[in-house]
Amino acid sequence: MNDASIDDLIDGLAGDLKPVRPRRVARGSLWVAAGWLGVGAALVALFGARHDLAEGAMPPVSMLTFWLIAAAGIAAAWSALRMGLPGVGRDYGGWRWAVGALLALPFAALFVFFGGGHAAAETAHRGFDGQCLVQGVVAGLGVGAALFLWLRAGAPTSPTRAGWVIGIAAGAAGATIIALLCSSDDLVHITLWHASAVPVLGIAGRLLLPRFLRW
């Protein structure tokens, strides 16, 4: 094959190509922020914020769990956004450390539960009808949708891992939103009915999303 034929072949292959807009994590971050803040604002407007927010701050336990769960959600969302970028050898494992730190909640809740006996059990179940958990799952769908659309366009190399991370980020976002609505400050209640949105949506993301994220 001579040089002219090679040039013709290259021209033929590249003739119909069009420039692709570069993918920026900043743009994906705006999608995630919109899903997180938009759903949060909508639910607060619909159901009303917890009463102590008007006084400027949550009690220490609620504040600590809020930021711990938020940190896990932000770390997972950041890892998911980076999965949508081209590149070889990228490290997407930072979210695991944040989720590992989140495991402090169930361990602490177990100590409180067994230490408090019947009173702790009553506090955990008081007023529970599934509302906190269901609202947490629904509240996380905004972030989940934003990350799914981002990775759907980017086609991550590991759809299974991407499904996990999307679900975890969505669950953490939902749990933080519910913390703004539910006035319970009991650690057992928060762990059971708020933070449980993280594993629920994590498992859902793992089971449902990988088939839609493949090349």
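The values are calculated or read from the model by the stated rules, or taken from the named source; none is laboratory data. Computed from a predicted structure; not experimentally measured. Every residue, glycine as well, gets a Cβ built from its backbone with ideal geometry; the counts of neighbours run over all protein chains shown.
Key figures
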{"quantity": "When residues of the stretch 53-67 are limited to those that are touching a residue at least 12 places away in the same chain (Cβ under 8 Å) and within 13 Å of Leu187 (Cα to Cα), the one surrounded by the fewest Cβ atoms within 10 Å (Cβ to Cβ)", "calculated": "Pro59"}
{"quantity": "Inter-residue pairs, beta-carbon under 7 Å, first without any contact (Cβ under 8 Å) to a residue 12 or more places away in the chain and in the stretch 187-200, second hydrophobic (A, V, I, L, M, F, W, C) and assigned to a helix (DSSP H, G or I), 6+ apart", "calculated": "none"}
{"quantity": "Candidate set from the stretch 12-59 (those that are in a helix (DSSP H, G or I) and at pLDDT below 60); member that is nearest to Trp78 (Cα to Cα)", "calculated": "Ala14"}
{"quantity": "Unique match (being over 20 Å from Gly40 (Cβ atoms), surrounded by 21 or more Cβ atoms within 10 Å (Cβ to Cβ), in contact (Cβ under 8 Å) with a residue 12 or more places away in the chain and in contact with a Gly (Cβ under 6 Å, 6 or more places away or on another chain)) among Gly154, Gly167, Gly163", "calculated": "Gly163"}
{"quantity": "Given (1) under 28 Å from Ala49 (Cα atoms); (2) touching a Leu at 6+ places or on another chain (Cβ under 7 Å), number of the condition Arg152 does not satisfy", "calculated": "(1)"}
{"quantity": "Top-ranked residue in the stretch 183-211 [being modelled with pLDDT under 90 and outside any helix (DSSP H, G or I); ranked as surrounded by the fewest Cβ atoms within 10 Å (Cβ to Cβ)]", "calculated": "Ser183"}
